[in-house]
Amino acid sequence: MRHPVRALAQIAQITLINLRSLPQRLGTSLVVVVGIAGVVGVLVSVLAMGEGFRHTLASTGRPGRVIMLRAGSDAELSSGVDRDQTTLLAALPAIARDGSGRPLASAELVVMVDLPRKGESHPNNVPFRGVQPGAFAIRDELRLVEGRAFRRGVREVIVGRKAAQQFAGLDVGSRIAFRDSDWTVVGTFATGGDVHESEIWADAEVAMSAFRRTGYQSMTATLADGSQAGLAALTAAIRRDPRLSINVLREPEYYAKQAGVLARLITVLGYTVAAFMAIGATFGALNCMYSAIASRQVEIATLRAIGFGGAPVVVSVMIEALLLALVGGAAGGALAYVYCDGASLSTLNFSTFSQVAFDFRVTPALLGQGLAWALLIGAAGGLLPAIRAARLPVTTALRAV
Amino acid sequence: MADLVQVRAVTKSYRRGGETIEVLHGVDLDIARGDFVALMGPSGSGKTTLLNLIGGLDTPTGGAIVVDGRRIDRLSSGELSAWRAAHVGFVFQFYNLLPVLSAQRNVELPLLLTSLSAAERRRHAAIALALVGLADRARHKPRELSGGQEQRVAIARAIVSDPTLLVCDEPTGDLDRATAGEIMALLQMLNREHGKTIVMVTHDPKAAEYASRRLHLDKGTLIADGAGA
């Protein structure tokens, strides 16, 4: 290439000629666009599911709050904290207090109740959380969006916004039955889209009585000092007391661990499906670009005869393949955004064996990743045809009329 | 007149399957500057192969080819591309215009390989189109032109960068008799009035009559060399 500006002019000119002839090759070009749109659409949708799930759990909790479980337990369902322990824990000086000197802590009971999704009859595990009055003070993100709070000592529940959307019979005023007990739904709450919105909440004492439990699963509390030193002080105090065999985790750390297995599974699933589709789309792109070159071999040979170099031909074919891929990638990303972003779904969290309702999240990073996949497929599909175009024997191709 | 093209003991062979086919057997040829040479002969005689070698589209298996004092048989593929861009204009049987470009843009193509500005390219292309009598068809796409007009545009493209040598492969092979005569008259005008050296392959004796020299090939060997018009 003798002069870079002239080389660029050659590339631009050949690329323009290629692109102007696209309408004559609409069918094969659409194969590339649609194939890559499919890959990107599926990839972004599945990853958006994983992202939504991860986001829902990751947005649960505040760094200044801790969850305390029985030592050795990694989830509330496998944990057990008895009444005496919760009293001791709440009395620790590392736990914050409200204006009246009451500890900002809530000992909580979590059980699974069976509820079908709307329009279905098959039951699903929905988390039912018995909470102490402190639960509302420590979780300042909680807002009642309909109805009122449950009264203490009464079989009333409030329902998370997403649980109410996903599961049948959770409208305010409805009555639901679990384990021979009837409960009235008196309110719906929101917690900023976090995992608690998939739950049903009731008074802990009433829940313990109804479900015949004698202890709690966990205690959630606000640290008096939210720093690392405050957490260390609480952990040290617990270790010093032989009656307490308790693990302490900041809430975000705990919920991130809960998200881990399923989020990874969804991500692996997304990449696997997309990889298989990408192989198909790459062959589609290869086929399209080979046929584009076959149909233009006389043009390419004529340009080579006139004096155009092989490199501009390679680059221009690659640009065409990448542009088609980009259009496909953008279309796939747009479809995923339009049809998936914000759509609600609930699935079983393997860590807790409970349903978690969450929204698909099509983030800019996922769209960028989708476009990167599209360009990769375009590059893989365009490279060999581009090299073939540049190596086309001019004297033979000129006679291929 | 000094020789523009010197072909010395040129051989060309191809491998087809496991077999080597020799198409040209030691051809010697001199073409003077300003000459108009018609290469004739039956199909498979090697005339297009010889034309491609002189035009730098292919390289010989043996021998030497010198054009305007330069050994082109020793040039690499990239060097040959650059050499063709600077020294050779091509006219093909089926015109080989790019269908998506207007006549003007087709003619401008070789100038993209020069340092001319866009405005200069447009001006040069307009002059070339005017020279072939198609100034009023500059904006037309090839499909909007007749066969003869398309070949005129192809000739304008071949001369727009003022090459040393015009190489024409059956330039009238796809045209009716009357149009073929017009095209040959145009090539003759470029040869006589503008001093272009032309090497043309043709099957058509009528077309060959416009050349100043007629060469006959048979089975890869030059068998006759005669004066023409």
Scanning segment A:4-32 for residues that are more than 14 Å from chain B (Cβ to nearest Cβ) and in contact with a Leu (Cβ under 6 Å, 6 or more places away or on another chain), the one farthest from B:SER117 (Cα to Cα) turns out to be A:VAL32
If you take the residues in segment B:50-61 that are β-branched (Val, Ile, Thr) and either open to solvent by 20 Å² or more (accessible area, probe 1.4 Å) or at pLDDT below 95 (or both), which one is farthest from the chain's Cα centre (by Cα)? B:THR61
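Residue-wise test of (1) within 25 Å of the chain's Cα centre (by Cα); (2) surrounded by fewer than 14 Cβ atoms within 10 Å (Cβ to Cβ); (3) at pLDDT below 90; (4) not assigned by TED's automatic domain parsing to the domain that holds A:ALA229.
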site: A:ASP84; (1), (2), (3), (4): no, yes, no, no
site: A:ALA94; (1), (2), (3), (4): no, no, no, no
site: A:SER106; (1), (2), (3), (4): no, no, no, no
site: A:MET112; (1), (2), (3), (4): yes, no, yes, no
site: A:LYS118; (1), (2), (3), (4): yes, yes, yes, no
site: A:LEU144; (1), (2), (3), (4): no, no, no, no
site: A:ARG148; (1), (2), (3), (4): no, yes, no, no
For segment A:47-64, what are the residues that are surrounded by 23 or more Cβ atoms within 10 Å (Cβ to Cβ) and modelled with pLDDT of 85 or more? A:LEU47, A:ALA48
Which numbered condition trips up A:LEU43, out of (1) out of contact with any Phe, Trp or Tyr (no Cβ under 8 Å at 6 or more places or on another chain); (2) open to solvent by less than 50 Å² (accessible area, probe 1.4 Å); (3) in the same structural domain as A:ALA325 (by TED's automatic domain parsing)? (1)
Top-ranked residue of segment B:30-46 - restricted to ones that are open to solvent by 10 Å² or more (accessible area, probe 1.4 Å) and more than 13 Å from B:THR197 (Cα to Cα), ranked as farthest from the other protein chains (Cβ to nearest Cβ): B:MET40
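Please go through segment A:299-343 and give me each residue that is among the charged types (D, E, K, R) and either part of a loop (DSSP other than H, G, I, E, B) or farther than 17 Å from A:SER21 by Cα (or both), ordered by number. Please lay out each step first, then the result.
At the first step, the residues of segment A:299-343 found to be among the charged types (D, E, K, R) are A:299, A:304, A:320, A:341.
Answer for segment A:299-343, where residues must be among the charged types (D, E, K, R) and either part of a loop (DSSP other than H, G, I, E, B) or farther than 17 Å from A:SER21 by Cα (or both): A:ARG304, A:ASP341.
Kindly establish whether B:VAL23 is open to solvent by less than 10 Å² (accessible area, probe 1.4 Å), in a strand (DSSP E or B) and more than 9 Å from chain A (Cβ to nearest Cβ). Step through it out loud before you land on a result.
Numbers: open to solvent by less than 10 Å² (accessible area, probe 1.4 Å): no; in a strand (DSSP E or B): yes; more than 9 Å from chain A (Cβ to nearest Cβ): yes.
So B:VAL23 fails the test.
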Check segment B:62-69 and report whether any residue there is open to solvent by 20 Å² or more (accessible area, probe 1.4 Å) and within 14 Å of chain A (Cβ to nearest Cβ). no
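Just checking: which of the strands (runs of 3 or more DSSP E) contained wholly in segment A:150-228 hold 3 or more residues that are surrounded by fewer than 22 Cβ atoms within 10 Å (Cβ to Cβ)?
On the way: elements: A:156-160, A:175-178, A:181-190, A:200-203, A:218-222.
Because the criterion is at least 3 residues that are surrounded by fewer than 22 Cβ atoms within 10 Å (Cβ to Cβ), the strands (runs of 3 or more DSSP E) in segment A:150-228 that meet it are A:175-178, A:181-190.
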For segment B:100-174, please list each of the helices (runs of 4 or more DSSP H) lying entirely inside it that holds at least 3 residues being buried (at least 20 other Cβ atoms within 10 Å of the Cβ) and within 13 Å of chain A (Cβ to nearest Cβ). B:103-108, B:147-159
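The values are calculated or read from the model by the stated rules, or taken from the named source; none is laboratory data. Every value quoted in this text rests on a predicted model; they were computed, and no experiment measured them. Using ideal geometry, Cβ is built from the backbone for each residue, glycine included, and neighbour counts are taken over all protein chains shown. The area values use the complete protein model at the heavy-atom level, side chains included, leaving out ligands, DNA and RNA. Shrake-Rupley method; radii C 1.70, N 1.55, O 1.52, S 1.80 Å.
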